[in-house]
Amino acid sequence: MKIRTGILIGLAVLLPTSFLIARIRSNDPPEKEMREAAQTLAEADLVRAREYAGDTYRKARQQYDSAMMEWRMQNERFVLFRDYTLVRDRAMRSVELSDRSIREASRHKTATRESLDRRISELTKEIRRLDQRHGRMPQSESDRRETMEYKLHLSEAKQAFRNGAYGLCDTYLDQAEALVRESYGRNETVLSDYYASYPDWKQWTEEAISRSGKDGSVVLVVDKMARELHVYKKGKHVQT
């Protein structure tokens, strides 16, 4: 009887002790999970997931911050009452979302790079055509400054593209494209005005040449579009 009683007392002591040990072991700090979550977030930062996969990245960051807050809250409790289940769940959810943001960023970055490359190529061709047109038209000082400005923006866009700074490249391209559109618009206005006034200009030129033939005077005819100066004497063209 005494032996049975001793066994029962031993079990009564052993079982709670075993439970406490198991409880403490099950509540080991979630350092491994939090370290993995932090590392995966850092990897997402390296591929600029914040920029190229913003929504998914923000969710990953929120899960990580929430896990950290829950961890601090559990650490304030008595050791036997700590429960890190929620911390681990949120940390692993953060890892999952960070991994997804890395994949999304990679796809978006590739698409962005291809789109910017096409825009750079198209804008380079447009500027080349615009230069050819400018070569046949009179240019004011402000026109020349504008030409230098959009060429500078294009050069900056190309440099940003080579550096992988696609957001900055996009900004420079927007600025250059806007200036090129304005330049085209002004050129169309100049051409329209030129062709509208051309009949009058031609009539005045013919009248001046005719008078030169009659009185032997020298007439200077300026063709702004062709950037030429023609000299007439006694009604005959003598020099350009």
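The values are calculated or read from the model by the stated rules, or taken from the named source; none is laboratory data. Everything numeric here is computed off the predicted structure, so don't read it as measured data. Virtual Cβ from ideal backbone geometry, glycine too; neighbours counted across all protein chains shown.
Pairs linking a residue in the stretch 174-187 that is over 17 Å from L152 (Cβ atoms) to a residue that is assigned to a helix (DSSP H, G or I), with Cβ atoms under 8 Å and 6 or more positions apart or on different chains, are Y184/L130; R186/D143; N187/L130; N187/R133; N187/H134.
Every residue, every condition in (1) over 24 Å from K236 (Cα atoms); (2) at pLDDT below 75, yes or no:
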residue: Y172; (1), (2): yes, no
residue: L191; (1), (2): yes, yes
residue: T205; (1), (2): no, yes
residue: S212; (1), (2): no, yes
residue: D223; (1), (2): no, yes
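Can you tell me which condition A42 does not meet? The list is (1) closer than 30 Å to T112 by Cα; (2) surrounded by 12 or more Cβ atoms within 10 Å (Cβ to Cβ); (3) modelled with pLDDT of 95 or more; (4) not charged (D, E, K, R), and all the others hold. Looking at each condition in turn, A42 falls short on (2). Residues of the stretch 66-108 that are in a helix (DSSP H, G or I), buried (at least 16 other Cβ atoms within 10 Å of the Cβ) and among the basic types (K, R): R88, R90, R93, R100.
Within the bounds of the stretch 143-165, is there any residue that is among the β-branched types (V, I, T) and over 15 Å from R186 (Cα atoms)? The answer is no; no qualifying residue exists.
Of the set (1) surrounded by 14 or more Cβ atoms within 10 Å (Cβ to Cβ); (2) modelled with pLDDT of 90 or more; (3) not basic (K, R), all apply to N187 but (2).
Of the residues making up the stretch 51-65, those that are part of a helix (DSSP H, G or I) and either of a type in the set (V, I, T) or buried (at least 17 other Cβ atoms within 10 Å of the Cβ) (or both) are Y52, T56, Y57, K59, A60, R61, Q63, Y64.
Any idea which of E146, E156, E104 is modelled with pLDDT under 95 and of a type in the set (D, E)? Checking each option against the conditions leaves just E146.
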